[in-house]
Structures are given as C-alpha cells and as structure tokens.
Amino acid sequence: MGFRRASILVILAMCSIGAQAVPAHADGGGPVPVSRDDYSPYAPSGFFVFDWSGFYGGAHLGAAYAQADSTEVLFPDNPVLTQFITFEQSETSVTGGIQAGWQRQWGKLVGGFEAGLTLVRFDSTTSAEQDSGFISDLVAGLSRSVEASDIFTFTGRLGYADGRWLAYIKGGVASGQIDVTYRDAVNSTATTSSEREIGWTAGVGIDYALSHNLFLGFEYNFMHFRSDVAPPPIPGAQFGDIDVDIQNVVVRLNYRFGGCCGRP
C-alpha cells in the first residue's frame, strides 16, 4: 500500500513540473505575449547602436556677437608725425536660420557636409579713435558704418558617435553681405561698399537623438570676412582692410528624412 501511495505522489509531482514547462496559451489557443519588461535588461537595444547616416534638414536659433576692426596709419613714412587710428565696432543680436545636409556613419566615425543660411543683423557706426597722441584734423569728422547680414555657409563635418550622442567639428566657406560706409563730415564726402564678401567659417557642436529621426543640438560657429573699402581720400593716410568677425551660438533642431533606424 505504501509503495502505491509513493508512486502516485511521484507521478503527480512530474505532472506539475511538466505543466510549468508548457508555455501558457491565450483563450484563442495562441501563445500569451510576453511583456517587454520580462526581457533581460542586458539585452542590446537597436537604439543604442544608432546609425546617423542620411539626409537631414532643420532650423537654428541663438545669439551672435559681431565685431568690425581696422587700423589706419597717418603719415606712415614720417616717424615724427605717424599716428595710428583705430575703428572698433561690436554688437550682439539674435540670430536664426535654416540648414540642410547629408552624413554617413562608419563605425563610430561620422562624416558629411552641410549648407546653411544664418540671418544676423550687425549694424554699427563709430568715429575714429586714436591709439596715442593727438587726433589730427584730417580725421576729426571721419566716421564709419558697418552692416553684416544674410550669411550663407557650406561646410564639411567630421564627428564621433556614441549611441544617441554625436560630437563633431566643421569648417568651410562663408558668404556674407557686408556693407561699409565712410563719412567725412568736414568735407561732406562719403565712400560706400556693398558687396557679398567670401570668407571662412569653423565650428564645433553636439547632437542628441530624441528619436530615430529627430536631433536636438548645440553649436558654436566663428565666421570671418574682410572688406577692402577705403574712406574718402585723406593726404598722407594709409588705410587697412576691415576685418568682420562673427561668433554665433545656436540651438539646432534637425529632422532626418527617410525611415533609417539603428542597427540591432
């Protein structure tokens, strides 16, 4: 009797173990779906091997600091009469614009190119200031106005990707509308230059992928232009080129076109 009771208990235990090993089924007879929370936390996620390749476009908004400097020399060939005159202008303004580009990822290295338009308004007027000595009557009424706007850029990009993050450097060509006007109040004369000057730009930035197609980023850019306009003729004066430097810090939002996704 004891042997039969023990046999029955062993059979019941084996049936219980077998029932636990059989996957649960829904009422329709199919397997019950397993919640994502039941997966191992160490299982790799495709998002963390995100691929940054593709075409993208977006907009940026930020602040710009612009500065225009030049040094003029009165009587450069006479050590006794030589005077240095400087024009220094600076201004801070809100800036914004659009950009579009293409990039490709190889491992953790990302390279590509980008074209952009930055709308900045730098409009400043100043009078001549002397570095040392007296201000000559020749430039007593001389003033200068400088305006910079509508900057186009075309740059190459090289970056390092780590999951959702992409840090990069960039550099290339910049084209800006630079308007310069010299006015001589004493003689009631003026000279004006309104040209689209070609300069250069360089910058650094970092992007964060909010989703497979949406990127939020921060970027710093330095842009340099030069204008060679001269003021009305002043006897014995040697005028240098005008250097226009713009530093731009912006927040960027880009959308990548196409359904490109991370590699699992």
If I ask for residues that are under 23 Å from residue 249 (Cβ atoms) and modelled with pLDDT under 95, which ones from the range 48-63 would you list? 52
List, please: which pairs have Cβ atoms under 8 Å, are six or more places apart or on different chains, and start with a residue in the range 223-237 that is within 16 Å of residue 185 (Cα to Cα) and of a type outside the set (Phe, Trp, Tyr) and end with one that is at pLDDT below 85 and in a loop (DSSP other than H, G, I, E, B)? 232/187
Quick check: anything in the range 175-190 hydrophobic (A, V, I, L, M, F, W, C), modelled with pLDDT of 95 or more and in a strand (DSSP E or B)? no
Could you check the range 72-92 and list, in sequence order, the residues that are in contact with a strand residue (DSSP E or B) (Cβ under 6 Å, 6 or more places away or on another chain) and either surrounded by 16 or more Cβ atoms within 10 Å (Cβ to Cβ) or of a type in the set (Lys, Arg) (or both)? 72, 74, 83, 85, 87, 89, 91
Inside the range 198-225, can you point out the residues that are among the small types (Gly, Ala, Ser) and surrounded by 15 or more Cβ atoms within 10 Å (Cβ to Cβ)? 199, 202, 203, 205, 209, 217
So residue 234 ticks every box in (1) of a type in the set (Val, Ile, Thr); (2) within 30 Å of residue 160 (Cβ to Cβ); (3) touching a Leu at 6+ places or on another chain (Cβ under 6 Å) but one. Which box is left unticked? (2)
Unique match (being closer than 22 Å to residue 91 by Cα, at pLDDT 95 or above and touching a strand residue (DSSP E or B) at 6+ places or on another chain (Cβ under 7 Å)) among 208, 220: 220
For the range 227-239, which residues satisfy the criterion of being in a strand (DSSP E or B) and either surrounded by fewer than 15 Cβ atoms within 10 Å (Cβ to Cβ) or of a type in the set (Val, Ile, Thr) (or both)? 238
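The values are calculated or read from the model by the stated rules, or taken from the named source; none is laboratory data. Small disclaimer: the values here were computed from a predicted structure and weren't measured. As a convention, Cβ positions derive from the backbone with ideal geometry for all residues, glycine included, and neighbour counts pool all protein chains shown.
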